[in-house]
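Data block below; observations after.
The values are calculated or read from the model by the stated rules, or taken from the named source; none is laboratory data. Small disclaimer: the values here were computed from a predicted structure and weren't measured. Here the Cβ positions follow ideal geometry from the backbone for every residue, glycine too, while neighbour counts run over all protein chains shown.
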Amino acid sequence: LSLKTVLHLSLFLSQAHGAGLEDKKGPLDHKVLDVPEATPVPFAIFQFTSTVEGVSSYRVSGGTEGKISISSDGWLYLEEPLQWSPEKRHDLNIEALSADDNVLDGPYSVVLQVIDVNNNPPVFTQSQYSGSIREHSPAGMPFVQVLATDDDDANTPNAQLSYSIENQIPNPSGQFFFTINPNNGEISTTEEGAAFLRAKTGVIYSRGETRGSVDVLKKKFDEFCSPKTEVPLENNPFFTCVQHAESKRFNAIQDPDYTLIVRAVDLGGGAPSALSSTTRVNVAITQNLWVRPKPITIKENLLNEYPMLIASVRSNDPNALYRLVQNENEIHFPFTINEDGAIFVTEPLDREQKDRYILVVLAEDDQGVELETPMEIQVKVGDENDSPPVCAEAESIFEVQENEIVGSHIGDLLVLDADEENTLNSLLSYRLLSQNPANPSEGMFSIDEAQGKIQVAKHNFRRKDVPEYQLTIGVTDGVHSTECNVVIKIIDINNEIPIFEKNDYGTYSVPEVADVGTTLLTIKATDADDPGTGSSRVEYHISKGDPDKLFAIEVDDTTGEGRVYIAQPLDYEVQSIYQLQIDARNPEPLIEGVEYNEHSTTVVVIELVDVDEPPVFTVDILNINVPENLTVGTTLLTADAKDPDGQKIMFKLEGDEQGWFEVDPDSGELKTKAEMDREVVDQLKVRIIAYETDGQKQETEKEVSIQLLDVNDNFPKLQKTQGFMCVKNPTPLVLTAVDADAPPYGEPFTFALQMARKSPNWEITKVDGTSAKLVLKKKPAVDQTWSIPVNIKDNAGMGVTQKFEVRVCNCTELGYCYMEPKPHAWKLGVSTTIAILGGVLGFIILLLIIVICRIKKRDKKEEKVMADGETNAML
């Protein structure tokens, strides 16, 4: 096949993989191309076409490695497949040539980036892994980790691995006892595994014994195996079997309890084309001797020999040192543990002092390092009936009315027993032992045997005959007994009604502006029932004339008087007269047949005195938010105020320091009268004053808080508009802009060069939300001043283009620009300069000669004048 045919076939294959023909053609220019690794060859990459006339062929050079060529019609193709590696790329130069191999166009830089394909399966770091876990270990605790690597690109899904357990051998229940973290390969037990896994039975070692030691095994075999014979242990098949089993018991590879088949899959584990590999994990289940005993119960006051063994624990390390601590401070701790893990109680316990202990057992090495997780053991103190019943009060007091009916509940006798609740040891029985006095008869009361509830057994109590009864009640828990004293007071029945001293308290006047709590008058009603009881206590209620609860009555328990006072603010304009009806009542109900009548009711008239009051605003707090660009003359709010006395009110404004507002004196409308600027002040407080036009001309002021909301009325401005750079060290200039607007109309700013096309000399990069760097990309040949248009926009996209002038120059050692001497058109040559200087010098000499001659001639004339005596005027 010709190269052209092969390239067409390659193009067809690339189209099948999603790359269209038109995507592989373009003008000859600088370009970056992606090429997959391990492609079939020849493989067409891209066809370049030069726009220069007379091109007959192309040439490629640079990092071809002998694998990359270009055809005469501009097709760049592979002769050998490329291999991916991190940072792998091929930097090429392509030129367009004439028929005589002269360069007509280029060279152009073309970079081939090799793209990884998924052609490497995961590889485990070990052919098989091993791990061990103790029985009774909690689920989810990792005990072994597998790890696989993938040579594909780690930054692509090609090297993203996922782990799973393919099989578990054996699997007696059909459920996996192990699980694996799909991301990191950590293997742990499932809930089923934590409950099911058990270790093979083996030898238990004591302190100082080495696991698997032949001497230790011989000793244990002699102790536990019988009958003994003269056959040496080395020849005893039972011993050698035990020795062999013990040597393999802790080696997961030689004798695993479970074998797991673990698979690692790339592409995240979910793609059909993913590559995978497997490994084997051998798991040994080791015996866990560190098992918490069941909760322990020790009966209190137990007669035994102490210390008394209550439990034993054993660490998985035979050389562990045991220590017993308590998790509660400052209590007596009657427990100890010996070096073999035996736990003892050192003395009898008392449940009434403490009914439960929590023992914390630590297993440590000789350096104090914990070998096992601390173990908590619950110890409950069992109760015995060693506490007698105790009366809650030295004397329990109850009350009963004279007319109480038989069976009425008087009260419950409270008796305590420190023994355990809800057991026979604290089950109490009650019995009435005596009643004093026995008047009018014995058995006036009864008590419930199980609950201690005291009830009325007979009626006809007479307080004037027997004001109270003394009862003695016996209480027993079956072993211990006690007696409780009970006093039952006979209280008077409510057969009298309260009677007011006056049925009409007349009229009381009060100013409408009187303070809440002001006392208006004092009333009193008396009750003939027994003093100090609910039957004689009087309560006062305003039953009519005050639906809004403007008045209230406070009772003095000592005197029985009622203080009528103002409970809420009064208003003459709403209501000027209140006719109150007040009832006197007892908290205890009246007996049947007795009713309250007119003697238990009184009246009083409250007259309000009109007072000239200041205007009142209908709104307590005035807070408004307005945009700063509000049109002048806009109404912000209307201050609604009224005069309680109906007088005309007007409004005025105070506190407007900026002069932005005005208030309509008649309507109270607050308006803007000038443009506002949040950048000058963002929050203002003014006072609207409502005042009376007549009478006492009282006034009330209300503060209005005005919050100006920002609008995007400012654009970012450069803080500096000029700068210079030294050619030798063109450090970027930092441009900083400010915007007086608040978020979201302020920063961050966007900086951009506003040019017709991309500048070959300058670029601008962001520094932070308010700054950018102006970078000189290409040094100029001569000093030059640039006027660079920079467009700066705020966060809302508002901005303008601003000019920034940069002078690029040679610099002094101090970093300042200077001007190098340059030839000028007006400079003269040496000969011309000498001629000019000679002419000037000759003119000066001639001038000197003339001056000297004139001076000599003047002197002669003066001498002649003096001789002739004549006076001549000389010029």
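When the stretch 340-377 is filtered for residues that are on the phi > 0 side of the Ramachandran plot and buried (at least 16 other Cβ atoms within 10 Å of the Cβ), only GLY341 remains. Residue check: is VAL103 modelled with pLDDT of 90 or more, over 55 Å from the mean Cα position of the chain (by Cα) and outside the structural domain of PRO157 (by TED's automatic domain parsing)? So VAL103 passes the test.
Of all residues in the stretch 87-110, those satisfying the criterion of being touching a Leu at 6+ places or on another chain (Cβ under 7 Å) and part of a strand (DSSP E or B) are ARG89, HIS90, LEU92, ILE94, ALA96, LEU97, VAL103, LEU104, ASP105, GLY106, TYR108, VAL110. Among the residues making up the stretch 265-281, those that are under 13 Å from ASN167 (Cα atoms) and buried (at least 21 other Cβ atoms within 10 Å of the Cβ) are THR279, VAL281.
Residue-wise test of (1) over 30 Å from GLY534 (Cβ atoms); (2) at pLDDT 90 or above; (3) assigned to a strand (DSSP E or B).
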residue	(1), (2), (3)
THR336	yes, yes, yes
LEU349	yes, yes, no
LEU359	yes, yes, yes
GLU393	no, yes, no
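The conditions of being touching a residue at least 12 places away in the same chain (Cβ under 8 Å), surrounded by 16 or more Cβ atoms within 10 Å (Cβ to Cβ), out of contact with any Leu (no Cβ under 9 Å at 6 or more places or on another chain) and part of a strand (DSSP E or B) are not met by GLN435.
Restricting attention to the stretch 614-661, the residues being among the small types (Gly, Ala, Ser) and in a strand (DSSP E or B) number 1.
Within the set CYS811, CYS817, the sole residue that is surrounded by 12 or more Cβ atoms within 10 Å (Cβ to Cβ), in contact with a strand residue (DSSP E or B) (Cβ under 6 Å, 6 or more places away or on another chain), modelled with pLDDT under 85 and farther than 26 Å from ALA737 by Cα turns out to be CYS811.
What residue, among those in the stretch 484-532 that are outside any strand (DSSP E or B) and crowded, with 20+ Cβ neighbours inside 10 Å, is modelled with the highest pLDDT? Selected residue: PRO498.
The C-beta contact set for the stretch 48-71 (first residue assigned by TED's automatic domain parsing to the domain that holds VAL111, second residue surrounded by 17 or more Cβ atoms within 10 Å (Cβ to Cβ) and of a type in the set (D, E, K, R), distance under 7 angstrom, 6+ apart or interchain) comprises SER50/ASP105; VAL52/ASP105; VAL55/ASP105; TYR58/GLU95; ARG59/GLU95.
All conditions but one from (1) of a type in the set (Phe, Trp, Tyr); (2) touching a helix residue (DSSP H, G or I) at 6+ places or on another chain (Cβ under 6 Å); (3) not in a strand (DSSP E or B) apply to TRP84; the one that does not is (2). For the stretch 707-728, the condition holds for no residue, the condition being that it is more than 41 Å from the chain's Cα centre (by Cα), modelled with pLDDT of 85 or more, in a strand (DSSP E or B) and under 30 Å from ASP612 (Cβ atoms). Mind checking which residues of the stretch 396-417 are surrounded by fewer than 17 Cβ atoms within 10 Å (Cβ to Cβ) and either among the hydroxyl-bearing types (Ser, Thr, Tyr) or under 14 Å from THR482 (Cβ atoms) (or both)? SER408, LEU414, LEU416 - these are the residues of the stretch 396-417 that are surrounded by fewer than 17 Cβ atoms within 10 Å (Cβ to Cβ) and either among the hydroxyl-bearing types (Ser, Thr, Tyr) or under 14 Å from THR482 (Cβ atoms) (or both). Of SER56, SER98, SER61, all but one fail to be in contact with a Gly (Cβ under 7 Å, 6 or more places away or on another chain), farther than 29 Å from ALA274 by Cβ and at pLDDT 90 or above; the exception is SER98. So for the stretch 115-123 (the condition being touching a residue at least 12 places away in the same chain (Cβ under 8 Å) and over 46 Å from the mean Cα position of the chain (by Cα)), does at least one residue qualify? No, the stretch 115-123 has no match at all. All conditions but one from (1) in the same structural domain as GLU588 (by TED's automatic domain parsing); (2) within 30 Å of LEU424 (Cβ to Cβ) apply to THR507; the one that does not is (2).
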